[in-house]
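Accompanying notes for the structure given below.
The values are calculated or read from the model by the stated rules, or taken from the named source; none is laboratory data. Worth saying up front: this structure is predicted, and the values here are computed from it rather than measured. No Cβ is skipped: glycine too gets one built from the backbone with ideal geometry, and neighbour counts run over all protein chains shown.
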Amino acid sequence: MAATRAITIASNSTCTLLRKKPFVGGTALSLNNLKFGRTRRSYTCRAIYNPQVVVKEEGQPETLDYRVFFVDQSGKKISPWHDIPLRSGDDIFNFIVEIPKESSAKMEVATDEAFTPIKQDTKKGKLRYYPYNIHWNYGLLPQTWEDPSFANSEVEGALGDNDPVDVVEIGERQGKIGEVLKVKPLGALAMIDEGELDWKIVAISLDDPKASLVNDVNDVEKHFPGTLTAIRNWFRDYKIPDGKPANKFGLGNQAANKEYALKVITETNESWNKLIKRSIPAGELSLA
């Protein structure tokens, strides 16, 4: 039997008009004092919904059939990638946990499946695990996308990896798969994985006891000494036990500051907007 659990996400989001599609029933809805009447256009946040979202697990964990779906209060499935708002305030963002800290199952949003549920990644039909536990909560920023047709001149001309932007959340609490946390970015690592750019935004949950102490990359070293080096080394080396070469990092092998991280988030959100508007071919990606 599928398990369900309720989580709360922030619903405040800046929405821009996009494509023609009527709201269900065509009735007016409100979100943060904004009124939307009958219209044939929808918005970048894709769903106007109450803050309460249910995470529904289908299948058994650590099986090929296991999926974690997001469901709104009406019972409709929504996409964690496309329908959860990116922004939750000034320089505050919604972060979706895919892999809880101190676990090794390689969970990820299935970008090629309808409603993009979270599932365990596979290779040659077998479930994938990291060779050792990851020591931070790991997941994605919704409504972002690393465009595989864009060559980043600041990072060795590397092309985007065709996925949402990754987040490494350094707080003390272990998250849960599908949990949505409000985080503030502190820095960015430009990982290059087999020639593809795979950004890692270093962030901290607002509910962490040290959240008020860290506001930029230099604060991380002060209050979480050694963490930036540990993150870089973990992602550099995790493929080596499988016989693959170490990953590389651009930007001088160092973590960029908060301002740069915000620039990465803005640019990849703009890329996602182009994807959702179909100004860029989606290929096998699901936009539902």
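Among the strands (runs of 3 or more DSSP E) confined wholly to region 138-214, which include 2 or more residues that are β-branched (Val, Ile, Thr)?
Working: elements: 158-160, 166-169, 180-193, 196-205.
So the answer is 166-169, 180-193, 196-205.
Within region 259-282, is even one residue farther than 27 Å from Ile118 by Cβ, of a type in the set (D, E, K, R) and surrounded by fewer than 18 Cβ atoms within 10 Å (Cβ to Cβ)?
Taking every residue of region 259-282 in turn, at least one turns out to be farther than 27 Å from Ile118 by Cβ, of a type in the set (D, E, K, R) and surrounded by fewer than 18 Cβ atoms within 10 Å (Cβ to Cβ).
Looking at Ala105, Ala114 in this structure, which one is under 13 Å from Leu64 (Cα atoms) and among the hydrophobic types (A, V, I, L, M, F, W, C)?
Going through Ala105, Ala114 in turn, just one is under 13 Å from Leu64 (Cα atoms) and among the hydrophobic types (A, V, I, L, M, F, W, C): Ala105.
Can you tell me which residue is nearest to Leu275 (Cα to Cα) among those in region 100-134 that are of a type in the set (Ser, Thr, Tyr) and in a strand (DSSP E or B)?
Thr122
Of a type outside the set (Val, Ile, Thr), modelled with pLDDT of 95 or more, buried (at least 22 other Cβ atoms within 10 Å of the Cβ) and under 13 Å from the mean Cα position of the chain (by Cα): is that true of Gly187 in this structure?
No: the conditions fail for Gly187.
Among what's in region 215-238 and is in contact (Cβ under 8 Å) with a residue 40 or more places away in the chain and part of a loop (DSSP other than H, G, I, E, B), pick the residue that is surrounded by the most Cβ atoms within 10 Å (Cβ to Cβ).
Among them, the one singled out is Phe224.
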